[in-house]
Amino acid sequence: MPNEQVTEHLTALSKDQLLGMLDKMLLGRRFEERAAEMYAMQKIGGFCHLDIGQEAVAVGAIAALQPDDYIFCSYREHVHALVKGTEPRRVMAELFGRETGISKGKGGSMHLFDVAHGLMGGHAIVGGHIPLATGVGFAMKYEQRPQVVLCFFGEAAVNIGAFHESLNMAALWKLPVVYICENNRYGMGTAIERASAIYDVAQRACAYDVASETVDGMDVTAVHDAVSRAVALARRETLPSLIEARCYRFMGHSMSDPVHGHYRTKQEVEEQKQRDPIRHLFEQMSSQGMIDQQGFEAMDQRVRQQVEEAIAFADGSAPPAPEALYEDVYADPYGPYTRSERSSE
Amino acid sequence: MALITYRDALNQALREEMRRDPRVFLMGEEVGVYQGAYKVSRGLMQEFGERRVIDTPITEEGFTGVGVGAAMVGLRPIIEIMTWNFSMEAIDQIVSGAAKMRYMSGGQVKIPMVIRGPGGAAHQLGAQHSQALESWYAHVPGLKVAAASTPYDAKGLLKSAIRDDDPVIFIEGETLYGSKGEVPEEEYLIPLGVADVKRQGKDATVLAWSKMVGVALKAAETLAGDNVSCDVIDLRTLRPLDADAIISSVRRTNRCVVVEEGWPYSGIGAELADLIQREAFDDLDAPVERVTGADVPMPYAKNLEHLAMPSPDRVVEAVRRVMYLD
């Protein structure tokens, strides 16, 4: 482990910035731990993909952005939403399928949108959102706006045609998009070595002459450092980059999937948990005298309180009204529907 | 009024809307330097430059998704698909993307986007280049589907589609590009969702759109010689559908024939037959007849291709059947 480099990343950030990152990672962790419990209690339905273990990628990357920059995410995006600025209670209410949810209860865990905060959606077709992020990059260049776009996806998405089509266009047209591969080693239950001819995701950028970097995705400051460089390239020269953040999810692919089993061993998961990104940052910060155990526990208490408030808010919110069923399909809610369709409500 | 081609009417619509709104841009394969595979975009790159008329790589999924993304942040893309046959490459971006963004986001984003290009069979292009796919797209909530039959409609509908705040699938007739019709000098719009009565009659209603309107009108002309008069209704948009125009006509004629270039199974004609039986059951004097493309991949051989396409003769036969004349 190149400790000197880690310290260098650490010292490049202020104590407040680091405390903010620790706080965000902890919020994400506690939020999702409780979301898992709410799922078990059937307060949350459908598919629910947890980011536990991978929080450093979302937190480090989004910390490199300005508030009005855009992000696109896959369906594992609760933490990304929280970090981009969405209120925890609006996220929890969405998971609960309530009208107060950030997508009015119509999106669910996989489709969190908060346009006011630049969260342009969680998207649930693997790799399908990569062209959309490229399109926002196109729009920024078209209108000469200064914002950049971060596009998060897993390592399994880089075998999708849309990834390659997007990188080609982004390089050809010089678009300000940072493509961030959250390489957690498994596309559901298939290890990267069993799905990709090339394991080194960052190498894929060569095909399109796109700048690339591989970073330890369990180290939030290293992620922040690498993504900051890519964001600067996008902002100053409107050029795309590919960042491969090597991380690990401590939970199953989704809530219906075991933590370990046919595709990975318990021992492997336990070993990876030694790289816990929250503990890693805490230890580095405490070695620099920036926080102590007591301070960490106080932070943890605050975060847990926020999560409990989010749950209470979600639980106390109403489900969407039946009239909401046909709203938001078209600009004019009833325009395109025939009389019979309407009467079937 | 000027007599211009369907192709030039579309070109005028694109040009006028691009002049009107700087957020409108045209993107697709060969739309710029080459002036359009079917010359619909002729001269646009010269007028609007490479910033607003964008040639793409052959990458339908990619550039259609770029259009959806650009629309999410306020631009108004026109994405040209060289022919709708290639739209299957882009269908995830259209169906999972364009059609669903408004809903999944609880109304936070809109997709003011037109995806346009020619559809249907031309002449001996074989199975992969001869498909009428409007029923696929009309099936999807969140999309609108338009298919103009004349230069006048092509221009007015495309202008409305470009100004619409929902994604519009705009299917042009590949064999209609050279057809001519009168188009006024002054600006006009045709709203999406309003059918056009092309010919009035009392004995049967014939429903058609795009290229099939011509087939239906030829059949109506032949039938007129036998003292059978038909209402010929051009639906113009398949979603939204002008149910009022359809039902009020069928209530008068008590008989209906649907002419559709696409395949019969789960086709638009099936939807129309359902609408009519639900809303005008007591007015019907015969089951709704459907004249469709043959339920086969399009053959290459000229004689087989002809057999696979709806023809005026087949429409005449269908009208005579619903009138119990034979």
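Any read-out appearing in this document is the output of simple, stated calculations on the displayed coordinates, not a laboratory observation. In this text the structure is predicted, and so the values were computed from the model without any measurement. Every residue, glycine as well, gets a Cβ built from its backbone with ideal geometry; the counts of neighbours run over all protein chains shown.
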Exercise for the section: Tell me the Kirkwood hydrodynamic radius of segment B:1-99 in angstroms, computed as one over the mean inverse distance between distinct C-alpha pairs. Expected result: 13.8
Practice task
Determine, for each peptide in B:225-235, A:299-309, the mean count of other beta carbons within 10 angstrom over its residues, then list the peptides with the highest first.
Solution key: B:225-235, A:299-309
Handout entry: Folded to 0 to 90 degrees: helix B:6-20 orientation relative to chain B principal axis, Cα
Key = 40
Practice task
For n ≥ 4 DSSP H runs only, could you compute -39500 (n - 2.57) per run for chain A, divide by its residues and tell me the 222 nm figure to the nearest 500?
Solution key: -14000 deg cm²/dmol
Handout entry: Relative contact order (%) - criterion: Cα under 8 Å, at least six apart; region: chain B
Key = 16
Handout entry: Cα-Cα pairs of segment A:46-176 separated by more than 23 Å (percent)
Key = 31
Handout entry: segment B:2-183: radius of gyration and largest Cα-Cα distance (Dmax), Å
Key = 15.1, 46
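Treat the protein assembly as shown as a sphere of radius equal to its Kirkwood radius over Cα pairs and apply Stokes-Einstein at 4 °C in a medium of 1.567 mPa s; give the translational diffusion coefficient in µm²/s, rounded to a whole number. The partial results should precede the final answer.
On the way: Rh = 26.9 Å.
In µm²/s, the coefficient rounds to 48.
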Fill in the blank from the handout: One would report the Cα pair-distance distribution of segment B:147-191, bin width 10 Å, in %, as 28, 53, 19
Handout entry: For segment A:1-91, average projected area of the Cα convex hull in nm²
Key = 7.1
Problem - Cα centroid of segment A:24-40 to Cα centroid of segment B:215-286, whole Å - result: 57
Completion exercise
re segment A:165-230: pairs of Cα atoms spaced beyond 19 Å account for a percent value of 41
Problem - Dmax and Rg, reported as Rg then Dmax, of segment A:16-63 (C-alpha, Å) - result: 12.4, 38
Problem - Spatially proximal lysines relative to residue A:141 (Cα-Cα < 28 Å; intrachain offsets below 8 disregarded) - result: A:84, A:174, B:39, B:100, B:110, B:159
Handout entry: Residue exposure sequence - B:48, B:281, A:296 - by fewest surrounding Cβ within 10 Å
Key = B:281, A:296, B:48
Problem - Cα-based helix-to-principal-axis angle, B:268-279 vs chain B, degrees rounded to 10 - result: 60
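Per the Cauchy relation, a quarter of the hull surface: what is the mean projected area of the convex hull of the alpha carbons in segment B:268-326, in nm²?
Mean shadow area of the hull around the Cα atoms is 4.8 nm².
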Handout entry: Separation in nanometres of the label points that stand 7 Å from Cα toward Cβ, at residue A:11 and residue A:232
Key = 1.8
Fill in the blank from the handout: Note on chain A, DSSP bridge orientation, antiparallel percent to nearest 5 equals 10
Practice task
Tell me the Kirkwood hydrodynamic radius of segment A:261-308 in angstroms, computed as one over the mean inverse distance between distinct C-alpha pairs.
Solution key: 12.8
Fill in the blank from the handout: Per 20 angstrom bin, beginning at 0 and ending with the bin that holds the maximum distance, the Cα pairs of chain A fall in percents of 30, 58, 11, 0
Exercise for the section: Round to the nearest 10 and give me the degree value, 0 to 90, for the angle of helix B:151-163's Cα axis relative to the longest principal axis of chain B. Expected result: 50
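To the nearest 0.05, how large is the calculated FRET efficiency for residue A:197 and residue A:294 if R₀ is 51 Å and r is the Cβ-Cβ distance?
The computed FRET efficiency comes out at 0.50.
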Handout entry: Computed over chain B, Cα set: Rg, Dmax in Å
Key = 19.5, 61
Problem - Along principal axes, Cα extents of segment B:196-322, largest first, whole Å - result: 43, 33, 24
Practice task
Using only atoms on other chains, find how many Cβ atoms lie within 10 Å of each Cβ of peptide A:110-117 and report the average.
Solution key: 3
Completion exercise
Most packed first (mean Cβ within 10 Å per residue), the peptides A:81-94, B:291-304, A:222-235 order as A:81-94, A:222-235, B:291-304
Exercise for the section: Return the average number of partner chain Cβ atoms within 10 angstrom of each residue Cβ along peptide B:56-62. Expected result: 6
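Is there a simple number for the mean count of other chain Cβ atoms within 10 Å of the Cβ of residues in A:35-45, and what is it?
Mean partner-chain Cβ count within 10 Å for A:35-45: 0.
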Fill in the blank from the handout: Quick calc: nm separation of the 7 Å Cα→Cβ label points for residue A:172 and residue B:313 -> 4.6
Problem - Extension gain, residue B:51 back to residue B:325 (0.36 nm per residue minus Cα-Cα distance, nm) - result: 92.6 nm
Exercise for the section: Give a residue-ordered list of calculated ³J(HN,Hα) values for segment A:26-32 (Karplus: 6.51 cos²θ - 1.76 cosθ + 1.60, θ = phi - 60°; whole Hz; x for Gly, Pro). Expected result: 5, 4, x, 4, 5, 4, 6
Handout entry: Peptides A:56-65, B:4-13, B:190-199, B:313-322 ordered by average Cβ neighbours within 10 Å, highest first
Key = A:56-65, B:4-13, B:313-322, B:190-199
Practice task
Given the options B:108, B:35, B:131, state which has the largest fluctuation in a GNM of chain B using a 10 Å cut-off (strictly under) for Cα springs.
Solution key: B:108
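If each residue of separation counts as 0.36 nm, what is the full-extension length gain between residue B:302 and residue B:285 once their alpha-carbon separation is subtracted?
2.4 nm is the gain from fully extending residue B:302 to residue B:285.
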Handout entry: Distance in nm between pseudo-label sites at residue A:304 and residue B:277 (7 Å out along the Cβ direction from Cα)
Key = 6.3
Completion exercise
Here segment B:250-260 yields Karplus 3J(HN,Hα) values (6.51, -1.76, 1.60; θ = phi - 60°; whole Hz; Gly and Pro given as x) of 5, 5, 7, 8, 6, 8, 8, 10, 9, 10, 9
